[in-house]
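Okay, structure first, notes after.
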């Protein structure tokens, strides 16, 4: 990021057009990880209400989207998808080939972004998820025709301040939305169900939910840090005739595996429908 920061115009280096929760989460991750100094972040939004959290981080703010483009080279567009075309039309006159333009708007394809921006614009798409708020996000990234490996490397290095970032073909972006974007809600439903099972058996609600959340966190860390396939870890937990195999049998009878697969499939198909629209 140092090279990009040195090359950037003005006092700010990373710009956010749109100041919603996801934009704030990414900015917070960059600042807290020391990737970018707070005063080198400039965010724009129509009203002060959406900018107050950026100001609390020590970031600069403005109501002018074009000012963000004039002051920064790395721009993250974090508007609602239906608003983005109008925003791109507004800023297009000040876009240069020096800019790196990143969209986190769900369902807006790279080809659409490139059509709405000047020729040869360096464009990338990122699909983040809500745990970026706590710097544990799962993000997928795809690059357009004029964004090269150096732009992808720069962006990945920055975004890993907010969690895990994987570069994927654009065809996988909708799958990522179904798996990781919607998956947060699927995991929450499973977490709630596990805790309610403990509550049914007599455990206080607050304790049950805390233990469930910690169990999910610990399991995820083991899968990531040890690189095990989930089936292997599941086998390690099971003992012949023990408690776990009885519970797993019940989950299989309830169709948990098929239901989870169908949920990802349904969410992915809906993301594809929205992309076409």
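Just a few scattered comments:
- Taking the range 213-234 as the range and being surrounded by 13 or more Cβ atoms within 10 Å (Cβ to Cβ) and part of a helix (DSSP H, G or I) as the test, the residues that pass are 213, 215, 216, 219, 222, 223, 233, 234.
A quick yes/no check of all residues on (1) without any contact (Cβ under 8 Å) to a residue 60 or more places away in the chain; (2) more than 27 Å from residue 136 (Cβ to Cβ); (3) not assigned by TED's automatic domain parsing to the domain that holds residue 137:
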position	(1), (2), (3)
196	yes, no, yes
202	yes, yes, yes
206	yes, no, yes
209	yes, no, yes
217	yes, no, yes
221	yes, no, yes
227	yes, no, yes
262	yes, no, yes
267	no, no, yes
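- Filter pass, residue 252 being exposed (fewer than 12 other Cβ atoms within 10 Å of the Cβ), without any contact (Cβ under 8 Å) to a residue 60 or more places away in the chain and more than 20 Å from residue 185 (Cβ to Cβ): yes
- Test: residue 29 is assigned by TED's automatic domain parsing to the domain that holds residue 134 and assigned to a helix (DSSP H, G or I): yes
- Residue check, residue 210 closer than 21 Å to residue 181 by Cα, in a helix (DSSP H, G or I) and modelled with pLDDT of 95 or more: no
- Pick from the range 174-194, criterion without any contact (Cβ under 8 Å) to a residue 60 or more places away in the chain and in contact with a strand residue (DSSP E or B) (Cβ under 7 Å, 6 or more places away or on another chain), ranking: nearest to residue 144 (Cα to Cα): 176
- Going through (1) in contact with a strand residue (DSSP E or B) (Cβ under 7 Å, 6 or more places away or on another chain); (2) modelled with pLDDT of 95 or more one by one, residue 135 falls short only on (2).
- Top-ranked residue in the range 237-260 [being under 20 Å from residue 219 (Cα atoms) and not in a helix (DSSP H, G or I); ranked as nearest to the chain's Cα centre (by Cα)]: 238
- With respect to the conditions (1) assigned to a strand (DSSP E or B); (2) touching a residue at least 40 places away in the same chain (Cβ under 8 Å), residue 19 falls short on a single one, namely (1).
- Sole exception among (1) at pLDDT 95 or above; (2) in contact with a strand residue (DSSP E or B) (Cβ under 8 Å, 6 or more places away or on another chain) for residue 23, by number: (1)
The values are calculated or read from the model by the stated rules, or taken from the named source; none is laboratory data. Keep in mind the model is a prediction, meaning the values are calculated, not measured. Neighbour counts are summed over all protein chains in view; Cβ atoms, including those assigned to glycine, are modelled from backbone coordinates with ideal geometry.
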